[in-house]
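To start, the structure under review is shown below, and the notes come after it.
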Amino acid sequence: MMENEENMNPEQEESELEQKSQSKEIAELKTELQDVKELLFRARAEMENQRKRMEREAEVAKKYALQGFITSLLPAKDSMEQGLDVAYMENGVDEEALLEGMTSTLKICKEAFSSAGVKEINPLGEEFNPELHEAMTIKPVNDAAPNIVLCVYQKGYLLKDRLIRPARVEVSAAK
């Protein structure tokens, strides 16, 4: 083979060197391609694992979303049960204790609603707003302006900016 190499002209030598260089470059590119494929495979697997993890976390969050709200209402339930115990005492009703218990229960409910973003709609004396109020009756009144809420039969509630229940009201009308 040495004789062959000695007999090669410079162009053939250059061509052979170029082929060896290209073969080496192809081998390096194949290795690099394999590395990139492996990285891509790992990235896909990681993304799939991340997606599954997020789905599990979302499912758990949805399942237990109300836990904080329920926990804040449990003292109100306890207070109501204690109030019933007081109401059914053998020696009669302790009205003062019962009233104190009801007041405490209402306070707990208001705090729980407030912490959850629930706002009370109590429009007594305000102008009737059909987006927030439901007119149950209309009462002709001499000394009141028309469309004023005269009586609130049932308070309304907003959750953040969404109406949960309109306030049920009696509205004034011109006589």
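The values are calculated or read from the model by the stated rules, or taken from the named source; none is laboratory data. Just so you know, these numbers come straight off a predicted model, no measurement behind them. Positions of Cβ are backbone-derived with ideal geometry, glycine not excepted, and every protein chain shown enters the neighbour counts.
Structural remarks
- The sole residue among L99, L84, L132 that is within 18 Å of A167 (Cβ to Cβ) and either touching a residue at least 40 places away in the same chain (Cβ under 8 Å) or of a type in the set (A, V, I, L, M) (or both) is L132.
- Single condition L106 does not satisfy, out of (1) more than 20 Å from Y157 (Cβ to Cβ); (2) modelled with pLDDT of 85 or more: (1)
- Any pair with Cβ under 6 angstrom, 6 or more apart, that starts in segment 11-38 at a residue that is touching a residue at least 12 places away in the same chain (Cβ under 8 Å) and ends at one that is aliphatic (A, V, I, L, M): none
- Of the listed requirements (1) surrounded by fewer than 16 Cβ atoms within 10 Å (Cβ to Cβ); (2) modelled with pLDDT of 95 or more; (3) within 25 Å of the chain's Cα centre (by Cα), S114 misses just one: (2).
- Residue within segment 16-26 that is loosely packed, with under 11 Cβ neighbours inside 10 Å and among the hydrophobic types (A, V, I, L, M, F, W, C) present: yes
- Unmet requirement for G92, which otherwise passes all of (1) touching a residue at least 24 places away in the same chain (Cβ under 8 Å); (2) on the phi > 0 side of the Ramachandran plot; (3) not assigned by TED's automatic domain parsing to the domain that holds Y157: (1)
- Counted residues, segment 83-92 - those being of a type in the set (A, V, I, L, M, F, W, C) and either exposed (fewer than 12 other Cβ atoms within 10 Å of the Cβ) or touching a strand residue (DSSP E or B) at 6+ places or on another chain (Cβ under 6 Å) (or both): 2
- Which listed residue is farther than 26 Å from S114 by Cα and either exposed (fewer than 15 other Cβ atoms within 10 Å of the Cβ) or at pLDDT below 95 (or both), from V171, V141: V141
- All positions within segment 44-103 that are modelled with pLDDT under 80 and either touching a Gly at 6+ places or on another chain (Cβ under 6 Å) or not in a helix (DSSP H, G or I) (or both): G83, Y88, M89, E90, N91, G92, V93, D94, L98
- Residue count for segment 111-166 under the criterion of being part of a strand (DSSP E or B), under 23 Å from G68 (Cβ atoms) and charged (D, E, K, R): the result is 4.
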